[in-house]
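Undergrad: One structure, as structure tokens, below. Some questions next.
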Amino acid sequence: APRGTPILEVAGLHKTFGGLTAVNNIAFSVAAGEIVGLIGPNGAGKSTTFNLLTGVTAPSAGSVRFAGQPLIGLPARTIARLGIARTFQHVKLVASMSVIENVAIGAHLRGHASALDGLLRLDRAEEARLFAEAARQLARVGLADAADRPATSLALGQQRIVEIARALCLDPVLLLLDEPAAGLRHNEKAELATLLRRLREEGVAILLVEHDMDFVMNLTDRLVVMDFGTKLAEGPAETVRNDPAVIEAYLGS
Ligand code: ADP
Ligand code: MG
């Protein structure tokens, strides 16, 4: 889709867990080729929103359209194949596997429902295809040299980028990143930001949850601010950072 065309359209999205309203009737959109920051205090409902968008959690109400197609009710693997890939708040690499094996899991998920057990029962041709795709994505993110190293021997910043390479195997139109810069050193954050800008140039839209405001302000085109499940503000980063309600709820502390 041309840059600026809405690809993700969220309306009336709502999720309760028992008596707790985690996501309260929120609406926002992400356009093609845009980096949008989803920010807000702990417990605001950001990760739950990601789970609702990716089919991990079923909403109580609301609609999500991706490239015009309704997503609610579709299984997570179908949503992934339609072009929404994600990383998780905590690094989820398999410690006993090499970097390229961890990325190949993503290539495998593209075609199949289960990951790890399936990877052990592939025929040679399929295995070669998955590892070729994994190698292609490692080269894309600049980690080709690390392919055969144990995944958890890498620095945290590189592990995060391995997770992004795994997500890229799905050939996503939209990438959801949950706190990708958390715990990273200054130079690792700069490298991550450079990679994300390059992916944007390649046409990947990105929705990211992040607490590091310098990182967010430098990188994002637009912000969506959540607090107690509701959307507090949405707009260009410069506008949102000066919004009194946002300063009061989140940026002031
Ligand atoms: P954030 O990512 O913005 O920190 P979350 O989406 O993780 O916030 O959580 C929003 C609220 O929903 C929190 O109060 C959290 O405890 C609650 N919550 C999240 N997931 C569940 C769940 N599976 N069951 C019950 N409560 C949950
Ligand atoms: Mg979270």
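Readers should treat all values here as calculations from the given coordinates under stated rules, not as data from a laboratory. Here the structure is a predicted model, which is why all the values come from computation and not from measurement. Reconstructed Cβ throughout: ideal geometry from the backbone, glycine too, with neighbour counts over all protein chains shown.
Undergrad: Starting from one equal scatterer on each C-alpha and no solvent at all, send me the Debye-based log10 I(q)/I(0) for the chain at q = 0.13, 0.17 Å⁻¹, two decimals.
TA: Once normalised to I(0) and log-transformed, intensities are -0.81, -1.34.
Undergrad: Okay, moving on. Students often get this wrong, so check it: of K15/K46; K46/K92; K15/K189; K15/K231, which have C-alpha atoms separated by over 21 Å?
TA: Beyond 21 Å between Cα atoms: K15/K189.
Undergrad: OK, next. Counting other C-beta atoms within 10 Å, and keeping those with at most 13, which DSSP coil GluC sites (Glu not before Pro) do you find in the range 181-239?
TA: E202
Undergrad: From the helices alone, meaning DSSP H stretches of at least four residues, give me the mean residue ellipticity at 222 nm for the chain, per-run term -39500 (n - 2.57), in deg cm²/dmol to the nearest 500.
TA: -10500 deg cm²/dmol
Undergrad: Let me ask something additional. Are there any trypsin sites (Lys or Arg not before Pro) in the range 138-193 that are in a DSSP loop and have at most 15 other Cβ atoms within 10 Å? List them by number.
TA: Taking the range 138-193 and a limit of 15 other Cβ atoms within 10 Å, the loop trypsin sites (Lys or Arg not before Pro) found are R185.
Undergrad: Which listed residue (V10, V162, A76) has the Cα farthest towards the positive end of the charge dipole for the chain, taking +1 on Lys and Arg C-beta and -1 on Asp and Glu C-beta about the Cα centre?
TA: A76
Undergrad: How big is the charge dipole of the chain about its Cα centre, in debye rounded to the nearest 20, if each Lys and Arg gets +1 on its Cβ and each Asp and Glu gets -1 on its Cβ?
TA: 480
Undergrad: While we're on this one: Can you check what the net charge comes to around L207, using other residues whose Cβ is under 14 Å from the Cβ of L207 (Lys, Arg +1; Asp, Glu -1)?
TA: That works out to -2.
Undergrad: Count charges around D227 for me, please; just the other residues with Cβ under 14 Å from its Cβ, Lys/Arg as +1, Asp/Glu as -1.
TA: That works out to -1.
Undergrad: Now a separate question. Which one, A31, S60, A233, is farthest towards the positive end of the dipole of the chain when Lys and Arg carry +1 and Asp and Glu -1 on their Cβ?
TA: The Cα lying farthest towards the positive end belongs to S60.
Undergrad: So what is Rg over Rh here for the range 140-253, counting just Cα atoms and using Kirkwood for Rh?
TA: Using Cα coordinates only, the ratio equals 1.01.
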